[in-house]
1. Within the stretch 51-65, how many residues are of a type outside the set (A, V, I, L, M), modelled with pLDDT of 95 or more, open to solvent by 20 Å² or more (accessible area, probe 1.4 Å) and under 17 Å from residue 127 (Cβ atoms)?
2. Quickly run through the stretch 58-76 and pick out the residues that are out of contact with any Asp or Glu (no Cβ under 6 Å at 6 or more places or on another chain), in a loop (DSSP other than H, G, I, E, B) and over 18 Å from residue 47 (Cβ atoms).
3. Considering only residues of the stretch 13-37 that are under 21 Å from residue 141 (Cα atoms) and assigned to a helix (DSSP H, G or I), which is most open to solvent (accessible area, probe 1.4 Å)?
4. All but one of (1) among the hydroxyl-bearing types (Ser, Thr, Tyr); (2) modelled with pLDDT of 95 or more; (3) within 16 Å of the chain's Cα centre (by Cα) hold for residue 90, so report the exception by its number.
5. Kindly provide the set of residues from the stretch 77-95 that are open to solvent by 30 Å² or more (accessible area, probe 1.4 Å), within 26 Å of residue 118 (Cα to Cα) and assigned to a loop (DSSP other than H, G, I, E, B), ordered by number.
6. Restricted to the stretch 116-141, and to residues that are aliphatic (A, V, I, L, M) and assigned to a strand (DSSP E or B), which residue is nearest to residue 47 (Cα to Cα)?
7. Go through the stretch 96-141 and give me each residue that's open to solvent by 80 Å² or more (accessible area, probe 1.4 Å) and among the basic types (Lys, Arg).
8. Write out, first by first residue and then by second, each pair whose Cβ atoms fall under 7 Å of each other, whose residues are 6+ apart or on separate chains, and whose first residue, in the stretch 62-89, is over 26 Å from residue 19 (Cα atoms) and touching a residue at least 24 places away in the same chain (Cβ under 8 Å) while the second is assigned to a loop (DSSP other than H, G, I, E, B) and β-branched (Val, Ile, Thr).
Amino acid sequence: MHLPKRNHTVVVPNFFGEGKNLEAWQLGWQQDEKVEAKSSVSKKIFHYFVEDMARNMIFFYLGDGNFYGIHAEECPTPVFRFKKEQGVCTYDQLGDQDTQDYENGEVLYMIPCDKSVWDTVKIDGKSLEEVLQNSYIVNIS
């Protein structure tokens, strides 16, 4: 399989710790996620993981420097901003929090069971497609 060249432009210096930067190639859906979802279309990948498989998702949005969670195994589905923990680096601000900790964060949406997370959620006035292409996807579980 031919993979595209990685763009090593630093988007957040020291994100993972001293000298461990977040780079442009790490934003958006990664190749493994595209392969598993059998698509390179963002909406289809999201639907596969979050709406069809009910997997929870954590991502860091570059646009506002916050971590977000989608707790897809619950209905209604909470979409929330994690509260920031004290940390040496940006990644440490997530701490040990997981999507089941949504009540400790700022709940932005409670998506009803008959509504689409993809079609409903806007962050910073942007669609999930725009947000996720400028996000580091921390975890899908």
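The values are calculated or read from the model by the stated rules, or taken from the named source; none is laboratory data. From a predicted model like this one, the values you see are computed outputs, not experimental measurements. Positions of Cβ are backbone-derived with ideal geometry, glycine not excepted, and every protein chain shown enters the neighbour counts. For the accessible areas, the whole protein counts, side chains as well, though only heavy atoms, and no ligand, DNA or RNA atoms are used. Shrake-Rupley method; radii C 1.70, N 1.55, O 1.52, S 1.80 Å.
1. Qualifying residue count, the stretch 51-65: 2.
2. Narrowing the stretch 58-76 to residues out of contact with any Asp or Glu (no Cβ under 6 Å at 6 or more places or on another chain): 58-62, 65-76.
Narrowing the set further to residues that are in a loop (DSSP other than H, G, I, E, B) leaves 62, 65, 71-76.
Selection gives 62, 65.
3. If we filter the stretch 13-37 for residues that are under 21 Å from residue 141 (Cα atoms), which is where we start, we get 16, 26-37.
Next, from what is left, pick out any that are assigned to a helix (DSSP H, G or I): 26, 31-37.
On the way: 26: 34, 31: 67, 32: 125, 33: 34, 34: 64, 35: 80, 36: 77, 37: 17 Å².
My answer is 32.
4. (2)
5. Scanning the stretch 77-95 gives 83, 84.
6. To start, the set of residues in the stretch 116-141 that are aliphatic (A, V, I, L, M) comprises 117, 121, 123, 128, 131-132, 137-138, 140.
Going one step further and asking which of them are assigned to a strand (DSSP E or B), we end up with 123, 137-138, 140.
On the way: 123: 18, 137: 15, 138: 17, 140: 12 Å.
Out of the qualifying residues, it is 140.
7. The answer is 115, 122.
8. Cβ pairs passing all conditions: 79/121.
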